[in-house]
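Q: Below are the structure tokens for one structure; questions will follow.
The values are calculated or read from the model by the stated rules, or taken from the named source; none is laboratory data. Because the structure is predicted, anything quoted here is derived from the model rather than measured. Using ideal geometry, Cβ is built from the backbone for each residue, glycine included, and neighbour counts are taken over all protein chains shown. Side chains included, ligands, DNA and RNA excluded: accessible areas come from the protein's heavy atoms. Shrake-Rupley method; radii C 1.70, N 1.55, O 1.52, S 1.80 Å.
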Amino acid sequence: GEVMVLPVYNAACWMEECLQSVLHQDFEGRMELSVFDDASTDGSRALIESWRESFEKRGVSVVISGHNSAKPKGVGFAKNQAVSQSSGRYLCFQDADDVMMPARVRMQYEMAEHHPDAIVGCRVRRVPEDSTVRYTRWINSLSPQQLLTQVFTSHGPTVVMPTWFCSRDWFQRVGKFDEGGKGVPEDLVFFYQSLRRGGAALRVDECLLAYRYHPNAATHSVLEETIWGLRVNFLQERVLGQWESFTIWNAGKQGRRLYRSLSSTNQKKVMAFCDVDENKIKKGFYTYEESKERPKPRIPVLHFKESSPPYIVCVKLDMTGGVLECNLHSLHLKEGVDYHHFS
């Protein structure tokens with residue numbers, strides 16, 4: 001059978017709609033709802049308890065537990081608990097404030113059955129519609145190849161966490177979620193770990209989830225630093241370690257920040273920065289002032305047409321009105337081979 005994994009923390013106001021959507025699944029197999037309440041104070045647990053009968057009538061078994069400590073232990077902990085107290089062969093992750101379409105479990109189950117080593121996602125509809133337009137477009141329009149090549153961008157996992165579906169076996173092979181709590185991007189850490197183990201990243205090309213955006217849940221600045229570090233390390237491990245030299249596409253703030261974050265071995269592989277900005281190109285060089293080396297490293301800044309691949313592209317996708325995409329396209333390069341997006 002199948003398991004819904006539902007970590008809950010003060011979600012009473014969304015809960016009803018979420019649980020209703022679980023009840024309305026058109027999946028024919030056995031289902032189990034595993035809920036772990038991470039010290040909610042808004043009556044979430046009692047609310048879920050009141051739905052138990054409806055679920056059991058429909059043949060869905062329900063496991064509910066939680067803790068009442070003074071403060072929550074975090075999403076990673078809650079998800080691990082919900083997984084370990086459940087028993088199904090597949091895991092379907094669900095956030096308490098999102099809503100599943102009736103076909104979600106059935107369609108993701110079918111894909112996961114054929115790909116036991118995959119994290120399977122789906123397309124989403126953002127609620128409210130006009131929040132995070134670029135991000136939503138990115139989630140929904142990545143090609144199957146890009147689900148693997150665009151894993152270094154600041155958008156995070158190419159298969160977004162609230163849509164995850166995978167076999168319990170695979171989850172256990174990857175290891176549990178990081179339980180560091182606040183400030184740990186446990187989904188990104190897990191996603192990278194899954195890729196390291198050779199896991200696949202797949203998506204059902206149907207909109208199977210209404211994914212709610214909370215302006216107040218904005219990630220904290222600590223997180224940005226942490227995420228940056230994880231991304232840089234993963235890029236070095238997966239890509240730069242295999243390259244002998246490369247060009248950083250963006251002579252501005254982001255490109256220079258990436259350069260400064262690299263190991264000295266990888267800094268030495270940077271042949272040039274490239275850009276379209278005439279002023280940056282006119283200067284001709286970027287001097288790495290913080291360097292302990294004498295003379296300080298000076299890296300040429302070129303027009304992108306004068307530069308050579310491979311590239312790490314530090315220009316945000318979907319932000320230049322198509323100019324970046326057009327420029328990349330004009331060079332006839334292959335994503336994942338000749339360049340990787342890192343923004």
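Q: Could we say that Lys282 is of a type in the set (Lys, Arg) and touching a strand residue (DSSP E or B) at 6+ places or on another chain (Cβ under 9 Å) here?
A: Taking the combined requirement at face value, the residue satisfies it.
Q: Something else now. Of these, Leu19, Leu6, which one is under 26 Å from the mean Cα position of the chain (by Cα), part of a helix (DSSP H, G or I) and not acidic (Asp, Glu)?
A: Leu19
Q: Just the residues that are buried (at least 17 other Cβ atoms within 10 Å of the Cβ), in contact with a Cys (Cβ under 9 Å, 6 or more places away or on another chain) and not aromatic (Phe, Trp, Tyr), please, taken from the stretch 301-318.
A: Val301, Leu302, Ser307
Q: Now for a separate question. If a residue must be polar (S, T, N, Q), farther than 22 Å from Tyr135 by Cβ and buried (at least 17 other Cβ atoms within 10 Å of the Cβ), how many such residues does the stretch 158-185 contain?
A: Selection size over the stretch 158-185: 1.
Q: For the stretch 117-154, what are the residues that are assigned to a loop (DSSP other than H, G, I, E, B), of a type outside the set (S, T, N, Q) and modelled with pLDDT of 95 or more? Break it down into steps so the answer makes sense when it comes.
A: Going residue by residue through the stretch 117-154, those that are assigned to a loop (DSSP other than H, G, I, E, B) are 117, 128-132, 142-145, 150-154.
Then drop every residue that is not of a type outside the set (S, T, N, Q), which leaves 117, 128-130, 142, 144, 151-152.
Passing the criteria: Asp117, Leu142, Pro144, Val151, Phe152.
Q: Any idea which of Leu202, Leu235, Leu188, Leu195 is open to solvent by less than 80 Å² (accessible area, probe 1.4 Å), closer than 26 Å to Ala118 by Cβ, in contact with a Leu (Cβ under 9 Å, 6 or more places away or on another chain) and assigned to a strand (DSSP E or B)?
A: Only one candidate qualifies: Leu202.
Q: Related question: For the stretch 82-95, give me the residue count where each residue is open to solvent by 10 Å² or more (accessible area, probe 1.4 Å) and touching a helix residue (DSSP H, G or I) at 6+ places or on another chain (Cβ under 7 Å).
A: Adding up the residues that qualify gives 3.
Q: Check Val99, Val35, Val62 and return the single one that is within 20 Å of the chain's Cα centre (by Cα), β-branched (Val, Ile, Thr) and open to solvent by less than 30 Å² (accessible area, probe 1.4 Å). Break it down stepwise before answering.
A: Numbers: Val35 fails: within 20 Å of the chain's Cα centre (by Cα); Val62 fails: within 20 Å of the chain's Cα centre (by Cα).
After applying the criteria, what remains is Val99.
Q: Within the group Leu148, Leu91, which residue is among the aliphatic types (A, V, I, L, M), out of contact with any Phe, Trp or Tyr (no Cβ under 8 Å at 6 or more places or on another chain), within 30 Å of Gly29 (Cβ to Cβ) and in contact (Cβ under 8 Å) with a residue 12 or more places away in the chain?
A: On the way: Leu91 fails: out of contact with any Phe, Trp or Tyr (no Cβ under 8 Å at 6 or more places or on another chain).
Step by step, each of Leu148, Leu91 is checked, and only Leu148 is among the aliphatic types (A, V, I, L, M), out of contact with any Phe, Trp or Tyr (no Cβ under 8 Å at 6 or more places or on another chain), within 30 Å of Gly29 (Cβ to Cβ) and in contact (Cβ under 8 Å) with a residue 12 or more places away in the chain.
Q: Kindly indicate whether any position in the stretch 285-300 is loosely packed, with under 13 Cβ neighbours inside 10 Å, among the hydroxyl-bearing types (Ser, Thr, Tyr) and closer than 14 Å to Gln236 by Cα.
A: Checked the stretch 285-300: no residue is loosely packed, with under 13 Cβ neighbours inside 10 Å, among the hydroxyl-bearing types (Ser, Thr, Tyr) and closer than 14 Å to Gln236 by Cα.
Q: Failed condition for Lys79, given (1) surrounded by 17 or more Cβ atoms within 10 Å (Cβ to Cβ); (2) free of Cβ contacts under 8 Å to residues at least 60 places away in the same chain, with all others met?
A: (2)
Q: Criterion first (under 14 Å from Asp38 (Cα atoms), in a loop (DSSP other than H, G, I, E, B) and among the polar types (S, T, N, Q)) does Ser86 satisfy it?
A: no
Q: Do any strands (runs of 3 or more DSSP E) entirely within the stretch 280-343 hold 2 or more residues that are without any contact (Cβ under 8 Å) to a residue 12 or more places away in the chain and aromatic (Phe, Trp, Tyr), and if so, which?
A: none
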